[in-house]
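First, the structure itself, so that you have it in front of you.
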Amino acid sequence: MTETPAAIRLYLLDDHTLFREGLLRLLAADPRFVVVGQSGLLEPALAELEQLRPDVVIVDYDLGEHSALDFMRRRPAKAGAALLVTAGVPERDALELIRLGVSGICRKEVSTDELKASIHAVAMGQVLIEQRYLQSIVAASAGSDRVSFTERERAVLRGLLQGYSNKQIARQLGSSESAIKASFQQLFNKLDVRSRSQLVMVVIQQYGDLI
């Protein structure tokens with residue numbers, strides 16, 4: 001008998017009460033998700049996240065006196081993936097959010113199905129960043145001190161840049177999911193990064209010509 005996947009644990013951080021409560025009702029009605037906490041203020045959210053340890057934090061860019069940048073700089077290590085759901089974000093700040101490890105940037109005007117799919121994707125470890133932001137951080141780099149990649153590592157990185165999950169990359173390469181996880185850990189160590197979104201940033205910025 002197939003086990004039912006555990007519901008994705010969510011925390012909502014948005015200072016617009018109506019939007020936050022509407023999102024809470026929307027997600028609470030879907031058995032694939034459970035909202036474990038919510039806040040309109042950064043400080044209480046940081047304290048709660050230390051205890052609640054959700055899988056995904058859905059955070060707005062504008063948090064009143066603070067912003068998503070403040071959240072990402074102070075985010076607890078056990079807070080899970082961060083999905084920015086916002087009406088808009090300055091490009092410079094979007095790039096900084098990517099550097100800080102945000103897992104996705106999503107517009108508030110997307111459909112409910114698209115939003116739910118984005119939540120599920122980042123919970124599974126995927127990185128969802130709009131192409132226009134990625135294009136903005138592509139930089140030519142011909143430095144001789146760049147690291148080299150094996151053919152397998154390049155294949156894994158290509159899957160990452162296409163937005164594939166570990167399972168999808170494993171299927172594509174005829175490998176196991178645990179082997180793909182090990183490859184990612186090797187890449188993290190090799191490029192001195194801590195998250196998939198930071199890995200995307202470094203690869204596009206410095207190694208786009210090699211992938």
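Which residue out of 53, 73, 107 is surrounded by fewer than 16 Cβ atoms within 10 Å (Cβ to Cβ), touching a strand residue (DSSP E or B) at 6+ places or on another chain (Cβ under 9 Å) and more than 19 Å from residue 18 (Cβ to Cβ)?
53
Within the range 71-86, is there a residue that is in contact with a Phe, Trp or Tyr (Cβ under 7 Å, 6 or more places away or on another chain), at pLDDT 90 or above and either part of a loop (DSSP other than H, G, I, E, B) or of a type in the set (A, V, I, L, M) (or both)?
The answer is yes, given that some residue of the range 71-86 is in contact with a Phe, Trp or Tyr (Cβ under 7 Å, 6 or more places away or on another chain), at pLDDT 90 or above and either part of a loop (DSSP other than H, G, I, E, B) or of a type in the set (A, V, I, L, M) (or both).
Could you look through the range 110-132, keep only residues that are assigned to a helix (DSSP H, G or I) and of a type in the set (A, V, I, L, M, F, W, C), and pick out the one that is most open to solvent (accessible area, probe 1.4 Å)?
Applying the filter and picking the extreme gives 117.
Return the residues of the range 1-42 that are open to solvent by 70 Å² or more (accessible area, probe 1.4 Å), among the basic types (Lys, Arg) and either part of a strand (DSSP E or B) or in contact with a strand residue (DSSP E or B) (Cβ under 9 Å, 6 or more places away or on another chain) (or both); say none if nothing qualifies.
Hits for the range 1-42 are 9, 32.
Oh, and also: Only one residue in 175, 148 is of a type outside the set (Asp, Glu) and either at pLDDT below 85 or in contact with a Gly (Cβ under 8 Å, 6 or more places away or on another chain) (or both), so which one is that?
Only one candidate qualifies: 148.
Still on this structure: How many residues are closer than 18 Å to residue 35 by Cβ and of a type in the set (D, E, K, R) when one looks only at the range 76-106?
1
Just to be sure, is residue 92 part of a helix (DSSP H, G or I), surrounded by fewer than 21 Cβ atoms within 10 Å (Cβ to Cβ) and of a type in the set (D, E, K, R)?
yes
In the range 141-167, which residues are part of a helix (DSSP H, G or I), in contact (Cβ under 8 Å) with a residue 24 or more places away in the chain and open to solvent by less than 30 Å² (accessible area, probe 1.4 Å)?
Across the range 141-167, the qualifying residues are 153, 156, 157, 160, 166.
Within the range 168-211, count every residue that is within 18 Å of residue 104 (Cβ to Cβ), touching a residue at least 12 places away in the same chain (Cβ under 8 Å) and open to solvent by 20 Å² or more (accessible area, probe 1.4 Å).
Residues meeting the conditions: 5.
The values are calculated or read from the model by the stated rules, or taken from the named source; none is laboratory data. Keep in mind that what you see is a predicted model, and the values were worked out from it rather than measured. Neighbour counts are summed over all protein chains in view; Cβ atoms, including those assigned to glycine, are modelled from backbone coordinates with ideal geometry. The accessibility values were calculated without ligands, DNA or RNA, using every heavy atom of the protein model including side chains. Shrake-Rupley method; radii C 1.70, N 1.55, O 1.52, S 1.80 Å.
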